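Structure first, then comments.
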Amino acid sequence: MRIGILQTGHVPDTLRDDFPSYALMFERLLAGHGFTFAHWMAVDMDFPAGPADADGWLITGSRHGAYEDLPFIPPLEQLIRDIHAAQRPLVGICFGHQIIAQALGGTVEKAPAGWAVGPTTYSFDDRSVRLMAWHQDQVTQLPEGARVLGGNAFCPYGMLGYGDSILTVQAHPEFDPDFVTGLIDTRGRGVVPDAQLDRAKADLTDHIDKPYLATRIAAFFLAHQEAPNV
């Protein structure tokens, strides 16, 4: 099964020598399930011809806001709508979670309560799951047809489903503790309150349920492998 990864942001310059691209992070996350991968750098206006260019799709995180007036946002939103209409499986992570909601009629805004950073507990699939977070923006109004699969008090729309063909998550299953440490040290200071960053850094040794969400995403794609029109 060929998974098309739409990369919507770049690893910060200060971290590029030590960490892979966001697309490669997802390849590693989903390794071992028989997938092949193709990448498009959507943030740089590199897009596929259409939904048929891959069997399933994944949209990465980004430092950009879904509501920003940026050249890549309108064509990405149209591609999302086209993928949805074609019933190809689509996964969105963080920015991907947000831009899918916005493209389908929802609202994305900065959370008045501030940031979620580092290990964060969510209720997903009726179980408690601890995952990496790094966001202030979040979905604040659901599009028609979205159903809530999980979240927490700070981010009530933390996991969304749209029919059987779209699964989106606000958290970052692709992030490892070392990468979040790098974000804290190079991107967080002066943006996120220092006390919150210090707490997040101290919590990075806590258990993270990365394998749970990796398996959940892989199973979602594989359920469509033999589906009609996919």
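Side notes on the structure shown:
- Selection within the range 144-164 - in contact with a Phe, Trp or Tyr (Cβ under 6 Å, 6 or more places away or on another chain), not aliphatic (A, V, I, L, M) and not in a loop (DSSP other than H, G, I, E, B): Gly150, Gly151
- For Leu167, the stated conditions hold: it is crowded, with 19+ Cβ neighbours inside 10 Å and assigned to a strand (DSSP E or B).
- Some residue of the range 216-229 being buried (at least 20 other Cβ atoms within 10 Å of the Cβ), farther than 22 Å from Gly65 by Cα and of a type in the set (Phe, Trp, Tyr): yes
- Complete set of residues in the range 189-214 that are part of a helix (DSSP H, G or I), loosely packed, with under 15 Cβ neighbours inside 10 Å and either among the hydrophobic types (A, V, I, L, M, F, W, C) or within 21 Å of the chain's Cα centre (by Cα) (or both): Ala195, Ala202, Pro211
- Lone qualifier among Leu15, Leu29 - being touching a residue at least 40 places away in the same chain (Cβ under 8 Å) and farther than 21 Å from Met159 by Cα: Leu15
- Any hit, the range 68-89, residues being at positive phi, outside any helix (DSSP H, G or I) and out of contact with any Cys (no Cβ under 7 Å at 6 or more places or on another chain): yes
- The single residue among Gly161, Gly182, Gly151, Gly145 that is buried (at least 17 other Cβ atoms within 10 Å of the Cβ), in contact with a strand residue (DSSP E or B) (Cβ under 9 Å, 6 or more places away or on another chain) and not basic (Lys, Arg) turns out to be Gly151.
- Condition check for Gly61: exposed (fewer than 15 other Cβ atoms within 10 Å of the Cβ) and in contact (Cβ under 8 Å) with a residue 12 or more places away in the chain: no
Read the figures in this text as sums done on the coordinates, not as results from a lab. Remember, it's a predicted structure, so these values are computed and weren't measured experimentally. With ideal geometry, Cβ positions are generated from the backbone for all residues, glycine too; neighbour counts draw on all protein chains shown.
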